[in-house]
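Peer 1: Below are the C-alpha cells for one structure; questions will follow.
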Amino acid sequence: MIDMKDISTMELKDLKNGLKLAKDKRMELIVKLGELVHLQLLNQKLNHDELSEISLGIASQDRLIYRYGKQITNINAASQQCSKCMQQLGGNAKFCGNCGTLNPTYIDPNTVYKSCQSCSEEIHESALFCPCCGMKQGAL
C-alpha cells in the first residue's frame, strides 16, 4: 500500500521538476529575444511580429511557473505543522485542532476571485497587482 505522504512527495518532486523546466525554457526565450532584438537593432529593422511571438512565449512560461509555484505551495501547506504545538494542520483548517492557533496558510473559501486583465490568471478580487504577471489591475 502506498502512503499518502509518499504520493505528496512524488507529486512535489514532479512539480519542482516541471518548475525547473519551465524556468529553463523561459530563460532560453529571454536569451533568444535579446539576441534577436540586438540583431534587428544592428540592421535597423525591427520585426514586431517576431518579437511579439517570443514575448508571448515568455508570458506563457510565466503563467506556467506561477501555477507550479501555487501547486507546490498548496502541497506544502497541506503538510504543515502548527507553529505552537507541532500538530499536523490541514490545508483547509483555519485553526489548529489541538491548540487553536491560527493556520497562516488558511484560505477563506468565500474569497472572491477575478481574472487578471493582462494574463487572465485567477487572482484575489482586491489585488492591486497580479501575482503572476505583475501588471497593475484596474484601468489599464
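The values are calculated or read from the model by the stated rules, or taken from the named source; none is laboratory data. Here the structure is a predicted model, which is why all the values come from computation and not from measurement. Backbone-built Cβ (ideal geometry, glycine too); neighbour counts: all protein chains shown.
Peer 1: One residue is enough: does segment 10-33 have a residue meeting the conditions β-branched (Val, Ile, Thr), more than 23 Å from Cys130 (Cα to Cα), assigned to a helix (DSSP H, G or I) and not assigned by TED's automatic domain parsing to the domain that holds His124?
Peer 2: Yes: segment 10-33 contains one or more residues that are β-branched (Val, Ile, Thr), more than 23 Å from Cys130 (Cα to Cα), assigned to a helix (DSSP H, G or I) and not assigned by TED's automatic domain parsing to the domain that holds His124.
Peer 1: So, one more: Kindly indicate whether Val37 is modelled with pLDDT of 95 or more, loosely packed, with under 13 Cβ neighbours inside 10 Å and of a type in the set (Val, Ile, Thr).
Peer 2: no
Peer 1: Let me ask something else. Name the single residue, out of those in segment 45-75 being surrounded by fewer than 15 Cβ atoms within 10 Å (Cβ to Cβ) and polar (S, T, N, Q), that is farthest from Tyr106 (Cα to Cα).
Peer 2: Here the answer is Asn47.
Peer 1: Which one of Lys45, Lys70, Lys32 is at pLDDT 90 or above and under 27 Å from the mean Cα position of the chain (by Cα)?
Peer 2: So the residue among Lys45, Lys70, Lys32 that is at pLDDT 90 or above and under 27 Å from the mean Cα position of the chain (by Cα) is Lys32.
Peer 1: Just to check your reading of the model, which residue among Ile107, Ile75 is over 30 Å from Leu33 (Cα atoms), in contact (Cβ under 8 Å) with a residue 60 or more places away in the chain and among the aliphatic types (A, V, I, L, M)?
Peer 2: After applying the criteria, what remains is Ile75.
Peer 1: Here is a follow-up. Condition check: part of a loop (DSSP other than H, G, I, E, B) and out of contact with any Ser or Thr (no Cβ under 6 Å at 6 or more places or on another chain). Does Gly97 satisfy that?
Peer 2: Considered against the rule, which asks whether it is part of a loop (DSSP other than H, G, I, E, B) and out of contact with any Ser or Thr (no Cβ under 6 Å at 6 or more places or on another chain), Gly97 comes out as yes.
Peer 1: Just to be sure I understand, how many residues within segment 83-123 are farther than 23 Å from Gly134 by Cα and either of a type in the set (Val, Ile, Thr) or in contact with a Phe, Trp or Tyr (Cβ under 9 Å, 6 or more places away or on another chain) (or both)?
Peer 2: Adding up the residues that qualify gives 10.
Peer 1: Then there is this: Look through segment 63-94, keep the residues that are among the polar types (S, T, N, Q) and part of a helix (DSSP H, G or I), and return whichever of them is farthest from Gly138 (Cα to Cα).
Peer 2: Asn76
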